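Scroll down for the structure; my scribbles are underneath it.
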Amino acid sequence: MKVLIKNIKELLQIRTEQVDKLAGADMKTLPQLDNAYLILEGEHIASFGKMENLDTSEDFDTIIDATGQTVLPTWIDSHTHLVYAGNRELEFVDRINGLSYEEIFNRGGGILNSAKKLQETTEDELYNQSKKRLEEVISLGTGAVEIKSGYGLTVESELKMLRVIKRLKENYPIEIKATFLGAHAFPSEFKDNHQGYIDQIINEMIPAIAKEKLADFIDAFLETGYFSNEETAQILQAGQKHGMIAKVHVNQFTTIGGIKTCVDNGALSVDHLEIVNDEDIAILKDSKTMPVALPTCSFFISIPYTPARKIIDAGLPLALASDSNPGTTPSHNMNFVVSTACIKMKMTPEEAINAATINAAYAMGIEKEYGSITVGKKANLIITKPLHSFYELPYAFGTNNIDKVILKGKIQ
Ligand SMILES: N=CN[C@@H](CCC(=O)O)C(=O)O
Ligand SMILES: [Zn+2]
């Protein structure tokens, strides 16, 4: 199958050489080609160039005329909790009426509320609820997504979530990576026996998950009132023994030295970072760990935004992700994530697009195959509706400016 996309107004994120990640001032540049063509062969990008250099004698199975339209790599969403049961709209109203996220959790709501619902939901039902969200994710231009467990909190229910993720992976063309997040919250029966639950994670959950090869990554909610530095370190190290790389929820509400724990344990990414101090930044500067901001979580629960300017201006990279989940971000729209990063975090459109493509691919460990228009990479593309320029994508927030999504060379 050979596809030609011709007359492209702006072809964005073209990279002739492999770029693993972009940091600091390099994030300001988004290379583009105007009046371009792009050729796809099978699942991959075969070539691209200026229209005047297109070899018109070549034959194609499909030709797409993209006059006036922008083409860019699909979004990469490196942090989601897309598999969950039911929703938490009542807590949404509780928060409008004045309760905080913490107060709701302390009353037995929050993560434990979602865990209760998930434990009562069959695997098939969970799959059916989750696939609807995944289909929407694809239609919104996302071509790779990380999905976490963490609403099971028992051996059986954590396995149920991860098996659902595996089924989604088998049945959809979107690239999916799975993360084990048994350390999302302590179940109420372990409120006063943290080590009891940690032992269950280490001795029962991780070996069972590894046996079925259900997780690429391991995560924990390293936060005051959830998992401490020492508790998180134990869990990350146990996961690593089974080949699961750390990607951690940290610094969402407080900074308690968690970034150091994550970096010391070889974390691929540290996610949230709404609260960061100078020491956290210095530790990240000396690391290979990708900071990941989740601006639509800040939007939904009205907490500070990750200080993107402070992070990027210190010379660090930054990735963007949705955090899609029933409690803090019931949305999986990466277009809105990119808009929010520009509007609320003062990232330029170029920085935000780099953060949601190349840097996001790094945060998922898929940077060699995804994240840019590079010959040999997977043909995962967004073709927008006609735009004045790509600036209109983050500018016209809330408008769906996507015309077509192509995953692995196929129009969706
Ligand atoms: N903060 C931890 N986990 C999720 C929210 C979980 C929930 O409230 O259900 C997050 O990333 O925001
Ligand atoms: Zn999360």
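The values are calculated or read from the model by the stated rules, or taken from the named source; none is laboratory data. This is a predicted model, so every value here is computed, not measured. Glycine gets a Cβ as well: all are built from the backbone with ideal geometry, and neighbour counts include every protein chain shown. What goes into the accessible areas is simple: the full protein's heavy atoms, side chains included, and nothing from ligands, DNA or RNA. Shrake-Rupley method; radii C 1.70, N 1.55, O 1.52, S 1.80 Å.
Which residues, taken from segment 372-392, are farther than 12 Å from Leu12 by Cβ and in contact with a strand residue (DSSP E or B) (Cβ under 9 Å, 6 or more places away or on another chain)? Within segment 372-392, Thr374, Val375, Gly376, Lys377, Lys378, Ala379, Asn380, Lys385, Pro386, Glu392 qualify. Each residue in segment 89-120 was checked for being away from ligand 1 (no atom under 13 Å from the Cβ) and either within 19 Å of Asn171 (Cα to Cα) or open to solvent by less than 20 Å² (accessible area, probe 1.4 Å) (or both), and 0 of them qualify. Of all residues in segment 101-159, count the ones that are assigned to a helix (DSSP H, G or I), touching a strand residue (DSSP E or B) at 6+ places or on another chain (Cβ under 7 Å) and of a type outside the set (Gly, Ala, Ser). Counting residues in segment 101-159 that are assigned to a helix (DSSP H, G or I), touching a strand residue (DSSP E or B) at 6+ places or on another chain (Cβ under 7 Å) and of a type outside the set (Gly, Ala, Ser) gives 3. Residue-level analysis places Lys385 among those that are open to solvent by 30 Å² or more (accessible area, probe 1.4 Å), touching a residue at least 40 places away in the same chain (Cβ under 8 Å), away from ligand 1 (no atom under 16 Å from the Cβ) and not hydroxyl-bearing (Ser, Thr, Tyr). Among the residues of segment 259-276, those that are closer than 12 Å to Ile218 by Cβ and away from ligand 1 (no atom under 16 Å from the Cβ) comprise Asn265, Gly266, Leu268.
Going through (1) open to solvent by 10 Å² or more (accessible area, probe 1.4 Å); (2) in a helix (DSSP H, G or I) one by one, Ala215 falls short only on (2).
Among the candidates Asn335, Asn325, Asn401, Asn359, single out the residue that is outside the structural domain of Glu136 (by TED's automatic domain parsing) and not aromatic (Phe, Trp, Tyr). Outline the logic, then answer.
Working: Asn335 fails: outside the structural domain of Glu136 (by TED's automatic domain parsing); Asn325 fails: outside the structural domain of Glu136 (by TED's automatic domain parsing); Asn359 fails: outside the structural domain of Glu136 (by TED's automatic domain parsing).
Of Asn335, Asn325, Asn401, Asn359, the one residue that is outside the structural domain of Glu136 (by TED's automatic domain parsing) and not aromatic (Phe, Trp, Tyr) is Asn401.
Please go through segment 49-88 and pick out each residue that is over 15 Å from the mean Cα position of the chain (by Cα) and within 16 Å of ligand 1 (Cβ to nearest atom). Answer for segment 49-88, where residues must be over 15 Å from the mean Cα position of the chain (by Cα) and within 16 Å of ligand 1 (Cβ to nearest atom): Tyr84, Ala85, Gly86, Asn87, Arg88. Residues that are under 24 Å from Gln119 (Cα atoms) and either more than 16 Å from ligand 2 (Cβ to nearest atom) or modelled with pLDDT of 95 or more (or both) do not occur anywhere in segment 256-265.
This table checks each residue for (1) away from ligand 2 (no atom under 16 Å from the Cβ); (2) more than 22 Å from Leu181 (Cα to Cα); (3) in contact with an Asp or Glu (Cβ under 9 Å, 6 or more places away or on another chain).
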| site | (1), (2), (3) |
| --- | --- |
| Tyr305 | no, yes, yes |
| Pro317 | yes, yes, yes |
| Asn325 | no, no, no |
| Ile353 | yes, yes, no |
| Ile358 | yes, yes, yes |
| Ile366 | yes, no, yes |
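Take the conditions (1) at pLDDT below 95; (2) touching a Gly at 6+ places or on another chain (Cβ under 7 Å); Ser57 misses just one of them, which is (2). Of the strands (runs of 3 or more DSSP E) lying entirely inside segment 1-81, the ones with 3 or more residues being over 16 Å from Gly143 (Cβ atoms), open to solvent by 10 Å² or more (accessible area, probe 1.4 Å) and assigned by TED's automatic domain parsing to the domain that holds Ala379 are found at 2-12, 32-41, 44-50, 62-65. Annotation: Glu170 fulfils all but one of (1) open to solvent by less than 40 Å² (accessible area, probe 1.4 Å); (2) not in a loop (DSSP other than H, G, I, E, B); the unmet one is (1). Evaluating Gln237 against the criteria (1) more than 21 Å from Ala115 (Cα to Cα); (2) within 16 Å of ligand 2 (Cβ to nearest atom) leaves one unmet condition, (2). Taking segment 388-409 on its own, how many of its residues are crowded, with 21+ Cβ neighbours inside 10 Å and part of a helix (DSSP H, G or I)? Residues meeting the conditions: 2.
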